[in-house]
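See structure below.
The values are calculated or read from the model by the stated rules, or taken from the named source; none is laboratory data. Quick caveat, the model's predicted, so the values are computed rather than measured. Don't worry about glycine lacking a Cβ; one is built from the backbone with ideal geometry, like all the others, and counts go over all protein chains shown. Accessible surface is based on the protein model in full, side chains and every heavy atom, while ligands, DNA and RNA are left aside. Shrake-Rupley method; radii C 1.70, N 1.55, O 1.52, S 1.80 Å.
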Amino acid sequence: MAGNGNEASAAGRPARQMMTAALTPGGEYVDIIDPAVFNSWHRRKGLSCLGCKNDLTVVERDQSRFLRHRPGTVAAGGSEAHSGEETFLHNRMKHWVRNRLRQMGMTDAQVEQSVGNQTPDVYGHYQDRSFAVEVQWSPLAEKAARERTTGLRTAGVDHIVWLTRHCDWLSHIPALGIADFDPPDDEYTAFTGFYRAHSRGMRESQLSVSSFLQQWIDNELGWAYIDLSRRGWATVTDWEERTRQQSATITNLKRDLQTRDDEIGQLKADLGTKSAEVDKATADLDKVITAVNQLKDKNRRLSTALHSETGAARTARKLAVTLGSIAAILLALLIML
């Protein structure tokens, strides 16, 4: 599906992206990379530019096939790629998405159809539900993407998805990260934003955009939380498997919690027994301390009494010595007389 560019210049510059996709008079998207389409439109008029809608001519030169604006018409932005590679690849993917949705049964799918005051890149209905696809090539702030998404929902759009090159906010808004806006064949690939159930949870997986669109409009996909901070796309079947895994995990956790509760109950009972034993030991210790204090008090009284008796004995001894001395003196005086 990649557009064939001119050969690289002698200076080594890469070839410029050239247009290969266009609209038929009936508004159908075609790409001349398909040999059947090229053969059908080579040397014929009727193809128009995806962007400016002016007439295009099919060109075959140096084994390259591409489209260019007819003489006398002005490409938007003043270049054959009308505003460069960005505008061409952006417009090409929008029309590719529209064609795919039409092939899948969304017969009223249109590019840039107004919905209230919103203009999604692709919009249509399928089985009484409305769908909008936003194709985002250039960087876009998450706030702006949220506002556009909210605006589409307010306008009554049931299902919205972004197909974007830039993935800063991809896990916060319903979106898929597109691997290449210029793929080598007639298929785009989402390399991030889509998940499949795995034994250890949800695993990110690549998916063709055609497969995504088919499952999306068939209501076989859901956008939900992968973990506490990220959301992503997965099939309803995989979400059911994820729910089953989570239910099994919750059941196991409840069983573990009950076991822990039982253990805690036993520990509380043991703690109650030990607390009673500690209370008894504390009471016994208080009795012992009281008895010890009583003994200490009695010992102090005895010590005081003993100290008093010891003082009296010492005084008696001193008195006896004094009396003995007096008696000796008296005896000496008697002898002298």
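Quick look at the numbers
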{"quantity": "All positions within the stretch 221-230 that are out of contact with any Gly (no Cβ under 9 Å at 6 or more places or on another chain) and surrounded by 13 or more Cβ atoms within 10 Å (Cβ to Cβ)", "calculated": "221, 222, 230"}
{"quantity": "The stretch 116-156, subset more than 22 Å from residue 29 (Cα to Cα) and among the β-branched types (Val, Ile, Thr), residue most open to solvent (accessible area, probe 1.4 Å)", "calculated": "154"}
{"quantity": "Answer residue from the stretch 196-220, given it is closer than 19 Å to residue 164 by Cα and polar (S, T, N, Q) and is most open to solvent (accessible area, probe 1.4 Å) among those", "calculated": "206"}
{"quantity": "Conditions (1) of a type in the set (Gly, Ala, Ser); (2) surrounded by fewer than 22 Cβ atoms within 10 Å (Cβ to Cβ); (3) in a strand (DSSP E or B); number of the one not met by residue 105", "calculated": "(3)"}
{"quantity": "Residue, nearest to residue 91 (Cα to Cα), within the stretch 58-77, restricted to residues that are modelled with pLDDT of 80 or more and either assigned to a loop (DSSP other than H, G, I, E, B) or open to solvent by 40 Å² or more (accessible area, probe 1.4 Å) (or both)", "calculated": "68"}
{"quantity": "In the stretch 142-177, residue nearest to residue 214 (Cα to Cα) [restricted to those that are out of contact with any strand residue (DSSP E or B) (no Cβ under 8 Å at 6 or more places or on another chain) and without any contact (Cβ under 8 Å) to a residue 24 or more places away in the chain]", "calculated": "150"}
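To keep it simple, each residue is scored yes or no on (1) under 30 Å from residue 201 (Cα atoms); (2) part of a helix (DSSP H, G or I); (3) among the polar types (S, T, N, Q); (4) open to solvent by less than 80 Å² (accessible area, probe 1.4 Å).
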site: 259; (1), (2), (3), (4): yes, yes, yes, yes
site: 265; (1), (2), (3), (4): no, yes, no, yes
site: 268; (1), (2), (3), (4): no, yes, no, no
site: 276; (1), (2), (3), (4): no, yes, no, yes
site: 280; (1), (2), (3), (4): no, yes, no, no
site: 283; (1), (2), (3), (4): no, yes, no, yes
site: 298; (1), (2), (3), (4): no, yes, no, no
site: 301; (1), (2), (3), (4): no, yes, no, no
